[in-house]
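Here's the structure, in structure tokens; my notes come after.
We did not get these values from a lab; they are worked out from the coordinates using the rules stated. On a predicted model such as this, the values are computed, not experimentally measured, just so you know. Methodologically, a virtual Cβ is constructed for each residue, glycine included, from the backbone with ideal geometry; neighbour enumeration extends over all protein chains shown.
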Amino acid sequence: MASASLPPLSVIVGDEELLVDRAVAELVAAARTDDPDVDVHDLVPAQVSAVKLVEVTSPSLFGERRVVVLRSAQDLTKEPAGQVTGYVTDPADDVLLVLVHAGGAKGKALLDSALKAGAHRINCAKPTKATERLKFVKDEFSRAKRQIAPDAAQALMDAVGSDLRELAAACTQLVADTEGRVDMAAVARYHSGRAEASGFTVADRTVEGRLPEALEQLRWSLSVGMAPVLINSALASAVRGIAVAAQPPRGMAEAELAKRAKVPPWKLKTLRQQARGWTPQGVAYALRVVAETDALIKGAGRDPAYALERAVIEIATGRARR
């Protein structure tokens, strides 16, 4: 089983479940290409004991090949972890051992031992930046020998969100149901409802002063059943972000600024762009509006939809108040 393409020891490092599952599946598929009858043992720490490890990693008397996958290797208890650490220095020729490790400090000694022993490393870290998720979407289409337009890829992300499994499923659907290069029209046919029903889209258009679009998004969101309280919560979050971005404390680090604005660091650029044209008086007024709207939605008013529409109008047109 040991070969240039399929080494006896591999480590999959990262916390993105979809990528980890794919990496495991690809290694198993490669092993089955070499030997369709290969025996696969896919184990979690609760199933791993010293006896079990001896059973699955000892050389076979009959030359049977095996793939042994140890999930969450960082959670192995002391004795099994020590046994695996000893094994990686002299792996059996007919066993492909795959260690799956989350990549943090826990269980790092085991990971380091495997890598020092020459293990093939596969990185499966969770994408944290929008650009990384955008690359993932484009790569999904490339895997299927298809293309997606850059603006369509961004629209798909806006519609589906950041969960990689959902993004992968959406890409698969578009590949199956369309032909040629996927464009904005194709994405809109399948996902416009989800994209437009986002309270954050309403909030973004509002703080940017794009009133007609904000009202259109608001009415659509309400029509598909989005809770008014969630829409106002998104408005409040956007206004608070503007308050931080419009007048950042002098000398504050980017990470601390993002924490104060309650956004990931990559979104600070967007916030700064949205904050242009806002005055301190406009920010203060918008904060009062979302507070009043919250009370109206939660019982002080009779018509939550009217309260939200009024809030969107007041915030979008009040950015430059003096």
Next item on the list: Can you tell me how much longer the chain between residue 229 and residue 143 gets when fully stretched, taken as 0.36 nm per residue apart minus their C-alpha distance, in nm with one decimal?
Entry: 26.9 nm
Check: With a ≥ b ≥ c the root eigenvalues of the C-alpha gyration tensor of the range 121-212, is it rounded (a/c under 1.5), prolate (a/b larger than b/c) or oblate?
Finding: oblate
Check: Leaving out same-chain residues fewer than 8 places away, which aspartates and glutamates sit with a Cα under 14 Å from that of residue 269?
Finding: 204, 208, 254
Next item on the list: Can you figure out the FRET efficiency of residue 310 with residue 210, using R₀ = 22 Å and their beta-carbon distance, to the nearest 0.05?
Entry: 0.80
Notebook entry, point to check: Over the Cα atoms of the range 199-317, what Rg and Dmax result, in angstrom?
Noted result: 14.1, 46
Notebook entry, point to check: In the range 9-123, what is the count of Lys pairs whose alpha carbons are under 18 Å apart, counting only pairs at least 8 residues apart or on separate chains?
Noted result: 5
Next item on the list: Stick to Cα atoms and the Kirkwood definition of Rh, then tell me Rg/Rh for the range 21-156.
Entry: 1.06
Notebook entry, point to check: Roughly how tilted is helix 78-87, in degrees to the nearest 10 and between 0 and 90, from the longest Cα axis of the chain?
Noted result: 60 degrees
Margin query: If I model a spin label at residue 322 and residue 34 as a point 7 Å from the Cα along the Cα→Cβ vector, what separation in nanometres do I get?
Written below: 7.6 nm
Checklist line | Between the range 249-312 and the range 147-168, the Cα center-to-center distance that results, in Å | finding: 26 Å
Margin query: Of 98, 36, 277, which is farthest towards the positive pole of the chain's charge dipole, taken about the Cα centre with +1 and -1 on the beta-carbons of Lys, Arg and Asp, Glu respectively?
Written below: 277
Notebook entry, point to check: For the range 1-100, what is the Kirkwood estimate of the hydrodynamic radius, computed as the reciprocal of the mean inverse distance between distinct Cα atoms, to one decimal in Å?
Noted result: 13.7 Å
Item checked: Computed FRET value (nearest 0.05) for residue 295 with residue 183, which takes r as the C-beta separation and R₀ as 45 Å -> 0.55
Notebook entry, point to check: Based on the Cα coordinates of the chain, what is the per residue volume of their convex hull in Å³?
Noted result: 180 Å³
Next item on the list: Taking H placed 1.01 Å from N in the peptide plane, check which residues at least 5 places from residue 11 or on another chain put their amide H under 5 Å from its amide H.
Entry: 99, 120, 121, 122
Note to self: Can you compute the label reach from residue 279? Point 7 Å from Cα along the Cβ direction, backbone N cut-off under 18 Å, restricted to the range 304-322.
What the structure shows: 314-322
Checklist line | Simple Cβ-charge dipole of the chain, Lys/Arg +1 and Asp/Glu -1, about Cα centre, in debye nearest 20 | finding: 1900 debye
